[in-house]
Amino acid sequence: MPGIKSDRWIRQMALHHDMINPFSEKQVREGVISYGLSSYGYDLRVADEFKIFTNVNSTIVDPKRFDERSFVTITGDSVVVPPNSFALARSVEYFKIPRDVLTVCVGKSTYARCGIIVNVTPFEPEWEGFVTLEISNTTPLPAKVYANEGLCQILFFQSDEPCEVSYADRKGKYQAQKGIVLPKL
């Protein structure tokens, strides 16, 4: 049935159609910021590699001519995002979105209550890859983000008919991305 999809649908699509890999069939909560299957979504995990914005090289953030020197790459169990700053990361999970599905991502309340905002564009029909995650620290204090724990929730919306042209059909520039992918023109 069209509309927002439940845990049963997400479980079936993940287990039988490899929509989410690796897939946690239940919400993992003990001692971590929760991740895994929820009632109407999936809480994805952030991997252990982060790219943090820095102004060491006095570059300009330009989406048409992005300078990789704008970032410092850090790998670890956690990362500290500087005050009023921004980091990129990627999901632990690899997603394969069906042709009749669109997703929306929302931040988890645990991080939102700490002033950490997560922005991810929708996963379009037939997009696949690791998700590049945008993490903003809106506070005047350093903020800690934990690797391999929940960061945001994905909501799945199914249409009553498949789209005419999918992301794969358009040969989208972020299709099948493997790591943290920087802006492309």
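The values are calculated or read from the model by the stated rules, or taken from the named source; none is laboratory data. Model, not experiment: these values are computed from the prediction. Don't worry about glycine lacking a Cβ; one is built from the backbone with ideal geometry, like all the others, and counts go over all protein chains shown.
When only residues in segment 15-59 that are among the aromatic types (Phe, Trp, Tyr) and in a strand (DSSP E or B) count, which is modelled with the lowest pLDDT?
It comes out as Phe53.
Filter segment 8-35 for residues that are surrounded by fewer than 20 Cβ atoms within 10 Å (Cβ to Cβ) and either closer than 18 Å to Val120 by Cβ or touching a helix residue (DSSP H, G or I) at 6+ places or on another chain (Cβ under 8 Å) (or both) and give the result.
Asn21, Phe23, Glu25, Ile33, Ser34
Scan segment 42-81 residue by residue and report those that are touching a strand residue (DSSP E or B) at 6+ places or on another chain (Cβ under 8 Å) and of a type in the set (Phe, Trp, Tyr).
Tyr42, Phe50, Phe53, Phe71
Among the candidates Val101, Val106, which residue alone is of a type in the set (Val, Ile, Thr) and more than 18 Å from Glu128 (Cβ to Cβ)? Reasoning before the result, please.
On the way: Val101 fails: more than 18 Å from Glu128 (Cβ to Cβ).
The match here is Val106.
Output the number of the condition that Thr103 fails; it satisfies all remaining conditions of (1) more than 16 Å from Val46 (Cα to Cα); (2) assigned to a loop (DSSP other than H, G, I, E, B); (3) of a type in the set (S, T, N, Q).
Here Thr103 clears every test but (2).
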